[in-house]
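Have a look at the structure below before the remarks.
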Amino acid sequence: MAWNVEEFASYLLIGDEDMAWDITIKAIERDAGRTELFEELITKAMQYIGYLWENDQITVADEHLATSTCEYILARFHNYMKKEQKLRLFAEKKALFLCLENEQHTIGLKMASQLFEEYGWKTQLLGANLPLEYALQSASKWKPDVIGLSFSIWYHAEILAKYIQALEDLPHKPVVIVGGRLLSNYDFSSYCSDKTCLFPSLNELKGWLMEHSKQGV
Ligand code: B12
């Protein structure tokens, strides 16, 4: 399938929600799956926007407008998929998602959470910048089977090992999964235990979900 990444990005950059949605819905009508749409259209468009920003071709304000328009598209898409009953309902399992302390990049985390819902999981999205003590409180109370962590900035990885260890040590022993743009290029396994799962992209996550959504995790 051909993806209009730059055209989609141009609508995000001017905040044209309807035109950006038009491209999204056309992709769905041509049978693009959620993972493909997220990876090939939305992620690539945001990376392209990052490139324009880095090269001074757009301003910080343009990038913020693109981000909020992108978040609107993600929320509308999620709502559309729910209405169309394109969600698969298998599991009675729970997954909690959060970004490491100080981390503001939440779009990938939201995508991961939606993918879990597609496979029938109940989700809670705690979003950006969550200090570990609150993550622990929340996880102790809700007892998710899986806890998804995300980070995009290199120096935020310093606290990754602390999060993983504390969350995996909770009495109900959740599985901790980690994602973020740096995972495609760097090996973070020394920050993890042998139980932690690292996912550079949603394609790998999808494979894992297919395997773990029916039987016990
Ligand atoms: C949008 C954006 C922002 C927004 C984020 C808003 C939001 N609500 O998310 C705002 C304006 C807040 C922002 C701020 C900053 N940003 Co910024 N940002 C971006 C930008 C343009 C796009 C990020 C994005 O949404 N990508 C799309 C998502 C879908 O991709 P993704 O996160 O990689 O997620 C994918 C996978 O990693 C995976 N995934 C992600 N999380 C998870 C979690 C799980 C559990 C799983 C399974 C999978 C998974 O799934 C996704 C699909 O494959 C990038 C450019 C880029 N190349 O990424 C810069 C970028 C990441 N930012 C950058 C920088 C420098 C900053 C700032 C420091 C700028 C500043 N001076 O203030 C601050 C830091 C904020 C902070 N403390 O975190 C740099 C980072 C460079 C570095 N050294 O690490 C980048 C690369 C831009 C650049 N080229 O310089 N940013």
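The values are calculated or read from the model by the stated rules, or taken from the named source; none is laboratory data. Source: prediction; values computed, not measured. For neighbour counting, all protein chains shown are included, and Cβ atoms are generated from backbone atoms with ideal geometry for every residue, glycine included. Side chains included, ligands, DNA and RNA excluded: accessible areas come from the protein's heavy atoms. Shrake-Rupley method; radii C 1.70, N 1.55, O 1.52, S 1.80 Å.
Would you mind classifying the range 70-163 by shape? Square roots of the alpha carbon gyration tensor eigenvalues, ordered a ≥ b ≥ c; an a/c under 1.5 is rounded, otherwise it is prolate if a/b is larger than b/c and oblate if not.
Oblate, since a/c reaches 1.5 and b/c is not below a/b.
Tell me the Kirkwood hydrodynamic radius of the range 154-212 in angstroms, computed as one over the mean inverse distance between distinct C-alpha pairs.
By the Kirkwood definition, the hydrodynamic radius is 12.2 Å.
Counting only GluC sites (Glu not before Pro) that are in a DSSP loop and have at most 11 other C-beta atoms within 10 Å, tell me the longest site-free stretch of the chain.
So the longest stretch without any such site is 93-217.
Hey, could you get me the Stokes-Einstein D for the chain, Kirkwood radius over alpha-carbon pairs, 37 °C and 0.692 mPa s, rounded to whole µm² s⁻¹?
Result for D is 183 µm²/s.
For the range 94-215, evaluate the Debye formula with one uniform point scatterer on each Cα (no solvent term) and list log10 I(q)/I(0) at q = 0.20 Å⁻¹, rounded to two decimals.
-1.13
What ratio of Cα Rg to 2.2 N^0.38 Å holds for the range 6-84?
1.07
Would the range 27-133 count as rounded, prolate or oblate if I go by the C-alpha gyration tensor, calling it rounded below 1.5 in a/c and otherwise prolate when a/b exceeds b/c, oblate otherwise?
Note, shape of the range 27-133 comes out oblate.
Once neighbouring chains are kept in place and the probe is 1.4 Å, which whole percent of the accessible area of the range 5-84 is contributed by carbon and sulfur?
C and S fraction of accessible area: 49 percent.
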